[in-house]
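What follows draws every value from the coordinates through simple rules; no lab data is involved. Computed from a predicted model, the values in this text were never measured in an experiment. Ideal geometry is used to build each Cβ from the backbone, glycine not excepted, and the neighbour counts take in all protein chains shown.
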Amino acid sequence: MKGKLLTLSALMALSPLTMAQQLEVTVTNLTNGIHYTPLVVTAHTDAVSLFTLGESASAELQAMAEGGDISGLVTVLGDASADVVENPAGGLLAPAASTTAMLDTDDANMYLSVAGMMLPTNDGFVALNSWPIPTEAGTYTVYLNAYDAGTEANDEIINGGGASGTPGIPVAPGGDGGTGATGVTSTEANEMVHVHRGALGDDDPAGGKSDLDNTVHRWLNPVAKVTVVVM
């Protein structure tokens, strides 16, 4: 019997054990007047990253940042065997609102990422990028910045544009956007993914440089809070 026990112990030492973890991930919108498009919440390996600061955005990130389309990111994550929850809010996440996603993962997918477009912006997005998931059970809080994909000029013109490479902002979901803006800029000096400079806006709802309201749509970092409960 002793020999059998030793053999079993040796086999257990040599065999990798899969440690399942359940995560409760709650995202809270901390802005005054910015909505988040459908979010992607994912646990993945260290070989996966939604973006790298200072490098060009992928086509999948561009589609999310300019038009709120997360399907490309979801496909890439699925191909990498990531655990993914799409659109936990069932649509837009309004200012001051929260949404929760449940993830069942194992010891391979030990990095957490979250991303969604910010509306109304040209190519702004909120993100948590490859955050190491704690192995100890407990509640953890992370505050998120706003990022700029660097793929579109921040003209701040609301014109229904949302396709990659199409200038303009799709919509102001709060119904508080202006019209008739001439545009804040027509160029993007930094074409790499970077921390967003924020919105300029103006106080002219029927003209001026921007269709964004400078009393509603401006923000400072952080723009979201993520609360992670490791079961």
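Relative contact order (percent) for the chain, with alpha-carbon contacts under 8 angstrom and 6 or more residues of separation? Normalised by residue count, the contact order of the chain is 26 percent.
Hey, what's the per residue convex hull volume over the C-alpha atoms of segment 53-94, in cubic angstrom?
Measuring per residue, one finds 102 Å³ for the Cα hull of segment 53-94.
In this structure, the amide hydrogen of LYS209, modeled 1.01 Å from its nitrogen in the peptide plane, lies closer than 5 angstrom to those of THR182, counting only residues at least 5 positions away or on a different chain. Here's the picture: a label point sits 7 Å out from the Cα of ASP176 along the beta-carbon direction, and within segment 119-147 the residues with their amide nitrogen under 12 Å of it are 120.
Plainly put, segment 143-231 has a radius of gyration that is 1.03 times its Kirkwood radius, both from alpha-carbon atoms, as the Rg/Rh ratio. The mean of 1/r over all pairs of different alpha-carbon atoms in the chain, once inverted, gives a Kirkwood hydrodynamic radius of 18.7 Å.
For the ranges 54-63, 38-47, what's the packing order if you count other beta-carbon atoms within 10 Å of each residue, average per peptide, and put the highest first?
Final packing ranking: 38-47, 54-63.
Per-residue extension of 0.36 nm, minus the Cα-Cα distance of THR45 and LEU220, leaves a gain of 59.9 nm for this segment.
Placing a label point 7 Å from the Cα of GLU24 along the Cα-to-Cβ direction, the residues of segment 215-230 whose backbone N falls under 12 Å of that point are 227-230. From the Cα gyration tensor of segment 17-138, with a ≥ b ≥ c the square roots of its eigenvalues, which class applies: rounded if a/c is under 1.5, or else prolate if a/b is larger than b/c, or else oblate? Because a/c hits 1.5 or more and a/b fails to exceed b/c, segment 17-138 counts as oblate.
Test of understanding: extend the Cα→C-beta vector of GLU55 to 7 Å, then name every residue of segment 189-204 with backbone N under 15 Å from that spot. 192-194, by backbone N distance to the label point. For the pair SER81 and MET192, label points projected 7 Å from Cα toward Cβ lie 3.3 nm apart.
With the convex hull of the Cα atoms taken as the outline of segment 76-159, the averaged projected area works out to 7.2 nm².
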